[in-house]
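Each reported figure results from applying straightforward, stated rules to the coordinates on display, with no laboratory input. In this text the structure is predicted, and so the values were computed from the model without any measurement. Backbone-built Cβ (ideal geometry, glycine too); neighbour counts: all protein chains shown.
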Amino acid sequence: MSASIEWSGQPQELNKKTGLWENKVAPSKERAPGFERQQEIKEEAELLKNEENIREPAPLESKVPKFTTPPKPKKTTVKPAPTQEELLEDEVVTTYTPRFLNYIKHVEGNAKQQAQMGSYKGGRFRIFDDVGAPAIGYGHRLIGDEEKRFANGITEEQATQLLMQDIKKAELDAEKHFGRKGWAAMDQHRREMAIDFIYNLGLGRDATRESKATGMKAFKTFSRALRMGDIKGIRATYKRRFRAQPDQPPQLLKQRNDPFYKTFIMPLETQELIPYDPSRRAKNEE
């Protein structure tokens, strides 16, 4: 009679050495030393990794440089040079004396004088011929549409306004002729002499191979004497001449020269305005 084998309910496995079925031994659940610490380190690493994944990314501005639109360049407009009329709006350095204004009115022809010539009628200045050019008042040359505007004449007040405009233009040309430094160094008396010359003759042009100098530029010696305050030089070179006809020799312009001498040169003969010193010539002519 064979012995009976009871099954313990545990899994069986064949022992190859003995040839018998034996209960399968479950692996030991004992953990190696330090296992818990290794597991903690692993878990901490997992947590750190998760935190880095959850952390918000750095703002784009901190990683990518900003590119801003460059400001639009300001429009630079080149201002045109001021016209002579615009320059006249500024106050000029010279304050004209009543003596000088009365002198200009006298040599150009005041109301009483022009009434005798027929260019002052009915209390108004009328247009007249001034060496081939139309003029009105105290020698104002007509430009643009002025001949049409002044066809019925102008009052003495209007004539004085035109006179002041023309004197200021003459002063600007005088400053150009003598230079800013030279003009600034000149006293009132000499400035009025220079303005009178340019008012009467114009600034003119320099001499060329084909033509002679004209206007104030033709009076180089007189201009130099004015700049230097050379009274003897002024007296020797102030006289203006004119030609009645192109083929005739020039004649002295007595109606201009005599009043000029009495108004400007005679006072200099009684009191020396500025002592003449040739050593200052180069400095003043800069």
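Odds and ends about this structure:
- Qualifying residue in the stretch 208-228 (condition: out of contact with any helix residue (DSSP H, G or I) (no Cβ under 6 Å at 6 or more places or on another chain) and within 26 Å of Phe128 (Cβ to Cβ)): yes
- Considering the stretch 92-151, the qualifying helices (runs of 4 or more DSSP H), each wholly inside and each with 3 or more residues that are within 41 Å of the chain's Cα centre (by Cα), run over 98-108, 146-149.
- Of the residues making up the stretch 219-232, those that are part of a helix (DSSP H, G or I) and within 18 Å of Gly179 (Cβ to Cβ) number 9.
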